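Novice: My questions all concern the structure below.
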Amino acid sequence: MSLKMMCVVAHPDDECFAFGGALALAAERGIETYVICLTDGQAATNRGEAVSGEELGKMRRDEFAASCKVLGVRHHELLDYQDARLEFADFSRAAGRLVERMRRFQPDVVLTFGGDGALNTHADHMMVSSLTTAAFHWAGREKRYPDLAKVFQPTRLFYLSTNFFLPDRQAPLPIPWSVKLDIESVRSKKTDAFRVHTSQAPLMERTKSLFDTYGGEEYYALVATAESQPARLSVDLFEGL
Ligand SMILES: [Zn+2]
């Protein structure tokens, strides 16, 4: 059976600016990928030509789909949570929706943000981290959501770390990395995926020099695993699977 990877994000464009390298690398290896995005990004600072939140949401849904296509993502899904309001969502229900998807898709590897909220310390990123972490552990527990699909324990959970900060922002407190991914071979795909988020073009412009300097690598930390193993550094999210 082929390997599978699930990536859980908060906003359209998280899939590329944060996880684009890992997703494109996996796709090139024939690994089945599934990206779940919890909101449609209506609260974004950069709004393109959109005259309403609804219009921006629709635009960003399309951009998300196009970006996933560039990255070779096999399945993508956008849920209906409100952008910038994730900390007010019903935790148990939201985690349950992720548990159900993990049990049905049965990923080997799950990727999400760390508790720091990534470069911009966005509260939605922090919430996605908490929800995905809970879902990762609960998916394999008989007592949790017994009516939501068949129990399945994904093998590895990774958080995103970083090798740079945004100079104009308070620095996040990222988790130290344990996996250094060389994404040079798919770097152009990551950039192209970012580029189809036309509503976010000013953001891309602002961060271009940082990604030019530091964007040849992505950093992750293994934060939970169903395999008993000593701690080690790696260059591959799927090493040994
Ligand atoms: Zn985001």
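The values are calculated or read from the model by the stated rules, or taken from the named source; none is laboratory data. Owing to the predicted nature of the structure, the values given are computational and were not obtained by experimental measurement. Here Cβ is always computed from backbone atoms with ideal geometry, including for glycine, and neighbour counts include all displayed protein chains. Side chains included, ligands, DNA and RNA excluded: accessible areas come from the protein's heavy atoms. Shrake-Rupley method; radii C 1.70, N 1.55, O 1.52, S 1.80 Å.
Novice: Check off (1) within 16 Å of the ligand (Cβ to nearest atom); (2) hydrophobic (A, V, I, L, M, F, W, C); (3) in a strand (DSSP E or B) for MET6 and give me the number that stays unchecked.
Specialist: Looking at each condition in turn, MET6 falls short on (1).
Novice: Then there's this: What pairs come out if I take residues in region 1-17 that are open to solvent by 10 Å² or more (accessible area, probe 1.4 Å) and pair them with residues that are among the β-branched types (Val, Ile, Thr) and within 8 Å of the ligand (Cβ to nearest atom) whose C-beta lies under 8 Å away, six or more apart or interchain?
Specialist: Going by the 8 Å Cβ cut-off, there are no qualifying pairs.
Novice: Quick one: which of ALA134, ALA84, ALA95 is within 16 Å of the ligand (Cβ to nearest atom) and either under 17 Å from the mean Cα position of the chain (by Cα) or not in a loop (DSSP other than H, G, I, E, B) (or both)?
Specialist: ALA84
Novice: Continuing with this model, one more query. Out of (1) open to solvent by 50 Å² or more (accessible area, probe 1.4 Å); (2) touching a residue at least 12 places away in the same chain (Cβ under 8 Å), what's the single condition that is false for ARG93?
Specialist: Condition (2) is where ARG93 drops out.
Conditions tested, residue by residue: (1) modelled with pLDDT of 95 or more; (2) part of a loop (DSSP other than H, G, I, E, B).
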{"residue": "PHE164", "(1), (2)": "yes, yes"}
{"residue": "ASP168", "(1), (2)": "no, yes"}
{"residue": "LEU173", "(1), (2)": "yes, yes"}
{"residue": "ASP192", "(1), (2)": "yes, no"}
{"residue": "LEU210", "(1), (2)": "yes, no"}
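Novice: Another question, if that's okay. Name the pairs whose Cβ atoms lie under 6 Å apart, with the first residue in region 99-120 and polar (S, T, N, Q), the second outside any strand (DSSP E or B), and 6 or more positions between them or separate chains?
Specialist: That search, which allows pairs on different chains as well, returns GLN106/PHE152; THR112/VAL128; THR112/SER129; THR112/THR132.
Novice: Let me ask something else about it. If you go through region 112-152 one residue at a time, how many are open to solvent by 50 Å² or more (accessible area, probe 1.4 Å) and either at negative phi or basic (Lys, Arg) (or both)?
Specialist: 13
Novice: LEU78 versus (1) more than 14 Å from the chain's Cα centre (by Cα); (2) within 16 Å of the ligand (Cβ to nearest atom); (3) touching a residue at least 60 places away in the same chain (Cβ under 8 Å): which is the lone unmet condition?
Specialist: The single condition LEU78 does not satisfy is (1).
Novice: Which residue pairs have Cβ atoms under 6 Å apart, sit 6 or more places apart or on different chains, and have a first residue in region 169-181 that is closer than 18 Å to HIS125 by Cα and a second that is of a type in the set (S, T, N, Q)?
Specialist: From residues that are closer than 18 Å to HIS125 by Cα, the pairs are PRO172/THR121; PRO174/SER161; PRO174/THR162; ILE175/SER161; TRP177/SER161.
Novice: Among the residues of region 183-217, write down those that are closer than 25 Å to ASP62 by Cβ, of a type outside the set (A, V, I, L, M, F, W, C) and open to solvent by less than 30 Å² (accessible area, probe 1.4 Å).
Specialist: Matches in region 183-217: LYS190, HIS197, SER199, GLN200, THR207, GLY215.
Novice: Looking for something under 22 Å from SER129 (Cβ atoms), away from the ligand (no atom under 13 Å from the Cβ) and either touching a helix residue (DSSP H, G or I) at 6+ places or on another chain (Cβ under 6 Å) or modelled with pLDDT of 95 or more (or both) - is there at least one such residue anywhere in region 41-60?
Specialist: no
Novice: Name every residue in region 28-40 that is more than 16 Å from the ligand (Cβ to nearest atom) and either within 14 Å of the chain's Cα centre (by Cα) or open to solvent by less than 30 Å² (accessible area, probe 1.4 Å) (or both), in order of residue number.
Specialist: Correct list: ILE31, THR33, TYR34.
Novice: Name every residue in region 218-241 that is open to solvent by 60 Å² or more (accessible area, probe 1.4 Å) and either of a type in the set (Gly, Ala, Ser) or under 26 Å from ARG61 (Cα atoms) (or both), in order of residue number.
Specialist: Passing the criteria: ALA226, SER228, ALA231, GLY240.
Novice: Do you know which residues across region 9-41 are outside any helix (DSSP H, G or I) and not hydrophobic (A, V, I, L, M, F, W, C)?
Specialist: Result: HIS11, PRO12, ASP13, ARG29, GLY30, GLU32, THR33, TYR34, THR39, ASP40, GLY41.
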